[in-house]
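Peer 1: Mind having a look at this structure? Questions to follow.
The values are calculated or read from the model by the stated rules, or taken from the named source; none is laboratory data. All of these numbers come straight from a predicted model, not from anything done at the bench. All accessible areas refer to the heavy atoms of the entire protein, side chains included, with ligands and DNA or RNA removed. Shrake-Rupley method; radii C 1.70, N 1.55, O 1.52, S 1.80 Å.
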Amino acid sequence: GKTYHPSINNIEYKAGYEYICNIKLDNKGKGIYTTDDFIAFTHLINGETEYNRKTLEDFYVMQDGKRVFNLYNDLSFTEEESSNILQIGTSEKEFDYTFNGNNHTLNNIRINDDGTNNNYCGIFRNVGTNAIIKNLIINNACINNITGKYKYGSLFIGYNKGLIDNCHINNGNMY
């Protein structure tokens, strides 16, 4: 009874690889549906005003006066896609919003040392007091701390002052 409108990004596809195309439901509205959306979100939340013709307003809804970022699909990242993911939050700008994974999984995220002198590392690098991160599963994540500059960190959160609720990490490594 529902209508689906598939959208496939215009990228070069290679033989011998599996490609996953998530279908965006028309009735869900703003949120994170694809790996491209998540990558754009990580750039925009850290202060960029536009990324691949998207703005931060494309990814959140307002609930009770707070920005809520919803993940609407399980996402599996390629090595190339992972190289474009930024850690969420910086030393100057905490992530101070709600991220609701809606019990979806982020698969194969690889975070590499970004060359900053931030003391903390994690997929969510710096989480503020008003933040809520909930209902999220991280699977097969890896953080490569090549230069060893970070003092504190984890696969999930480097520095946290917020609330973490019903989040899980399966199979991860830090180097």
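Peer 1: So which of Lys66/Lys93; Lys134/Lys161; Lys14/Lys54; Lys66/Lys161; Lys30/Lys93 end up more than 19 Å apart, counting from Cα to Cα?
Peer 2: Numbers: Lys66/Lys93 17 Å; Lys134/Lys161 14 Å; Lys14/Lys54 26 Å; Lys66/Lys161 17 Å; Lys30/Lys93 23 Å.
Beyond 19 Å: Lys14/Lys54; Lys30/Lys93.
Peer 1: Ordered by residue, what ³J(HN,Hα) values in Hz, to whole numbers, does segment 88-99 give under the Karplus form 6.51 cos²θ - 1.76 cosθ + 1.60, where θ = phi - 60° and Gly and Pro are x?
Peer 2: Using θ = phi - 60°, the values come out as 8, x, 10, 5, 8, 9, 6, 7, 10, 10, 10, 10 Hz.
Peer 1: Another question, if that's okay. Give a residue-ordered list of calculated ³J(HN,Hα) values for segment 167-175 (Karplus: 6.51 cos²θ - 1.76 cosθ + 1.60, θ = phi - 60°; whole Hz; x for Gly, Pro).
Peer 2: 3J(HN,Hα) across segment 167-175, in whole Hz: 10, 9, 10, 10, 6, x, 9, 10, 10.
Peer 1: If you rank Tyr13, Tyr51 by how much accessible surface each has, with a 1.4 Å probe, what is the order from largest down?
Peer 2: I get Tyr13, Tyr51, largest accessible area first.
Peer 1: Relative contact order, percent, of segment 64-117 when contacts are C-alpha pairs under 8 Å separated by at least 6 residues?
Peer 2: Relative CO of segment 64-117 lands at 54 percent.
Peer 1: Counting only heavy atoms of the protein chains, get the accessible area per residue of segment 54-101 (1.4 Å probe) and round it to a whole Å² value.
Peer 2: 48
Peer 1: For segment 60-69, just list the computed ³J(HN,Hα) in residue order, Karplus coefficients 6.51, -1.76 and 1.60, θ = phi - 60°, integers in Hz, with x standing in for Gly and Pro.
Peer 2: My calculation for segment 60-69 gives 10, 10, 8, 9, 6, x, 10, 6, 10, 9 Hz in order.
Peer 1: To two decimal places, what compactness ratio does segment 40-175 give when its Cα radius of gyration is scaled by 2.2 N^0.38 Å?
Peer 2: In units of the globular-protein estimate, segment 40-175 measures up at 0.98.
Peer 1: Using a 1.4 angstrom probe on the protein heavy atoms only, line up Asp96, Asp58 by accessible area, largest first.
Peer 2: Ranked list, largest accessible area first: Asp58, Asp96.
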